[in-house]
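Have a look at the structure below, then the notes.
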């Protein structure tokens, strides 16, 4: 069924700017692109941004679709590239500029396939054990239990500023532990958002 719908004729309609064809493409593939982006980013908001950017690029460069043999694969590759670009952009906010100047943080995207999430989780758990008890408690409440800074402040009877400080310092230590364990900066963002 997929091949019969998204055939060469359909691709030609897309390339010609047919909005109905584009809507059909979006309706059919956006859930798949979103699911893939969510696996990479672990953030619903970022995954939705990836979907929007992917289909914006598809529309903007629709003339290129005539050379695409496998539409779904093309969409997934585009989503991967967009997600990595967004994650790299986010990582610049987490790391000091001089950390980016070190070449070991720039890696080929193919390395992503060789690094396992289990290893990252193990290193993350070890790093969590080295945080102060208050940082561990704040991290647990905010990141694991999903509480807001205000809720954590009320529960622990501390200010939201103190909660923010403990989270900021704890996340900095976790990021540095992952990076010093050999994880590239853009993958650190996947593990610690």
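Rule-based calculations on the coordinates, nothing more; no lab input. Since we're looking at a predicted model, the values are computed, not measured. No Cβ is skipped: glycine too gets one built from the backbone with ideal geometry, and neighbour counts run over all protein chains shown.
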Inter-probe distance in nm under a simple model that places probes 7 Å from Cα toward Cβ, at residue 136 and residue 22: 5.3
With bins 5 Å wide starting at 0, give me the P(r) of region 2-94 over every alpha carbon pair, in whole percents. 3, 14, 25, 24, 16, 10, 5, 2, 1, 0
Gain in span if fully extended, residue 158 to residue 85, counting 0.36 nm per residue against the direct Cα distance: 22.6 nm
